[in-house]
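A short worksheet on the structure shown next.
Read-outs throughout are calculated quantities, based only on the coordinates presented, and are distinct from any laboratory measurement. As the structure is a computational prediction, the values presented were derived from the model and not from experiment. With ideal geometry, Cβ positions are generated from the backbone for all residues, glycine too; neighbour counts draw on all protein chains shown.
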Amino acid sequence: MADNDNLAVLIDADNAQASVIHELLEEVARYGTANVKRAYGDWTTTGLTRWKTVLHEMAIQPIQQFAYTTGKNATDSALIIDAMDLLHTGDLNGFCLVSSDSDFTRLATRIREAGLVVYGFGERKTPKPFVAACDKFIYTDILKPPKSSSKSKPKAPALKPMITKAVDAVAQEDGWAYLGGVGSMLVKNDPSFDPRSYGYKKLGELVRKQKYLETREVKSGSRGAELMVRLR
């Protein structure tokens, strides 16, 4: 997506962390402009107290939704209805769905069927169907700066099989593959793939550290040098 693409950020406050919202919106800015920012929940309850300060600071519109019936998630329904309204009436290029709830799996699929991109944001506990339904899924723990006394890195999928598969899929006849193509294939195969899950800010940094890969830079017109990778 282009930097000027219009995005709607829809937050399920019942299933999202207020403590990471600053970093989350910075991440959203990498993909486009957040023209719509809404957070859904029952704001009369004490459970969402931490969100209230954040809403004002980040200019997020709170959407009140009372829990009319025990056992039914009215917040999810309100978010889904608004998303469908925006899908048909808003001048948007994509959606950012902030939740760790699998209830939004069908919504993500429906938005993508309409030709718009979906970025998901959630915790590691997010069910796989919702992760897979998004074009890209960002685990919110990687958005927080690491602490010097932090515990070991969060568990991430085994890296070598993922990269090997991606390189094989986009490699030229000589075995070399452009890093951009490898990165795109990694996200297609696993929307939650992110080099930050493995302790690296950029994919180029990550692949250079893999002993089973060799890398080289090639000139690519006006874009300057591009990194290529090949399996050893």
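Values for this structure:
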item	result
Percent RCO, i.e. relative contact order, over the chain, from Cα pairs under 8 Å lying at least 6 residues apart	15
Listed residue (LEU231, VAL218, GLY183) projecting farthest to the positive dipole end of the chain, Cβ model	LEU231
Cα gyration tensor category, rounded, prolate or oblate, for the stretch 1-140 with a/c compared to 1.5	rounded
Inter-site label distance for VAL218 and THR33 at 7 Å from Cα along Cβ, in nm	3.7
Efficiency of FRET between THR45 and ASP91 - r from beta-carbon atoms, R0 35 angstrom, step 0.05	0.55
Anisotropy class of the stretch 90-130 from Cα gyration tensor, a/c 1.5 cut	prolate
Neighbour cut-off at most 12 other Cβ (10 Å), DSSP loop, trypsin sites (Lys or Arg not before Pro), the stretch 1-103	ARG30, LYS72
Selection from ASN73, ILE163, THR140, by position along the positive dipole direction of the chain (Cβ)	ILE163
Restraint check, LYS128/LYS201; LYS37/LYS125; LYS37/LYS165; LYS188/LYS209; LYS144/LYS219, Cα-Cα greater than 28 Å	LYS37/LYS165; LYS144/LYS219
Centroid-to-centroid separation of the stretch 197-218 and the stretch 16-49 [C-alpha atoms, Å]	32
The stretch 85-198: C-alpha gyration tensor shape, a/c 1.5 cut-off, then a/b vs b/c	oblate
